Structure formats: C-alpha cells, structure tokens
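Undergrad: Structure in structure tokens, see below.
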Amino acid sequence: MTYKIGMIIKGRVTGIQSYGVFVGLDNQAQGLIHISEIQSGYVKSIHDIAKIGHKVMAQIIDIDEYNGKISLSIRSLEKNPQVHHIYRKKHFTDSRDKIGFKTLANYLPDWIEENEAYLKAKKNAQSEDFL
C-alpha cells in the first residue's frame, strides 16, 4: 500500500516504549505514535492508554522517505481536544525591569568604536609582521 501524509489508517499496537507506541500497519510497514501525539494534554503513563494488540485509528503526519519511518497521530483525530486554559506569556527578562533593546542601542556606538580600534590595531600588527 502507498501511504500519504493525511491518510487515516487502521493499525495494531505492536510495541510500547516510554517515548511512544509502535503500530503495525500491514505486513511490511510500521509507524510510531510519539507520546505527544497520543492524546491532547498530559500523558502520565503511556501504558495506561495503549496495550499491545489493541486496534487503533491514526492519521499519518509525516513520512521520512529516506529511511521509511512513518509518524502517526491519534491526537489529530480527536473531535474535542483538550484546551489548555492557562496561558502565561514568557519573558526573557522580568517585564517590570524596563530593559530591552533600548539599553543595547545606548551601548552600540561604544561597541562599534571599540571594534574599529581593535580591527585597526590588528591590521597594523599584521602589516608590521610583513616588513
């Protein structure tokens, strides 16, 4: 069978690892459902969700043509995926500190001057070595 990204296929669980579930698609092909693609939300134990021999419906989300690996997802087929209500914006610095690119802009002229002096000294040193 020729597999394509987006296809929904049936398979049987053939192996379980801490990072995902292996699914036999036919006699020759096998796919992997990564733990992040098993269900939306947090997965405490993959062994509580999947058992060897269970039949699963999954969607093909990637095919590595070089080595033939097929990535599958059950999560993409969920009709009502779990929505995460808590969203916290992440800052690289404390948002109360009023620092950012303006501070860098204040230092930029000094850095340029230092770099130009360094390059000039380096060029002079190289020209003296050739004399």
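The values are calculated or read from the model by the stated rules, or taken from the named source; none is laboratory data. Nothing here was measured: the structure is a model prediction, and the numbers come from that model. All Cβ positions, glycine included, derive from the backbone under ideal geometry; neighbour counts span all protein chains shown. Calculation scope for accessible area: heavy atoms of the full protein, side chains included, ligands and nucleic acids excluded. Shrake-Rupley method; radii C 1.70, N 1.55, O 1.52, S 1.80 Å.
Undergrad: Of the chymotrypsin sites (Phe, Trp or Tyr not before Pro) in the stretch 13-49, which ones lie in a loop per DSSP and count no more than 15 other C-beta atoms within 10 Å?
TA: Values: sites: Tyr19, Phe22, Tyr42; in loops: Tyr19, Tyr42.
Passing sites in the stretch 13-49 are Tyr19, Tyr42.
Undergrad: Right, here's the next one. So how far apart, in nm, are the two label points at Asn115 and Ser127 if each is 7 Å from Cα heading toward Cβ?
TA: The modelled label-to-label distance comes out at 2.2 nm.
Undergrad: Same structure, new question: Given the whole protein assembly as supplied and a 1.4 Å probe, what does the accessible area of Thr2 come to in Å², nearest 10?
TA: The accessible area comes out at roughly 100 Å².
Undergrad: Under a 1.4 angstrom probe, counting protein chains only, how are Ser127, Ser45 ranked by accessible area, largest first?
TA: Values: Ser127 60, Ser45 35 Å².
Heavy-atom accessible area, descending, gives Ser127, Ser45.
Undergrad: Find the relative contact order for the stretch 1-44 and round it to a whole percent, using C-alpha pairs within less than 8 Å whose residues are 6+ positions apart. Before the final figure, lay out the partial values.
TA: Numbers: 46 pairs, mean separation 10.8, N = 44.
For the stretch 1-44, the relative contact order is 25 percent.
Undergrad: Under 11 Å from a point 7 Å along the Cα-to-Cβ line of Lys4: which residues of the stretch 12-56 have their amide N that close?
TA: So the set is empty, nothing qualifies.
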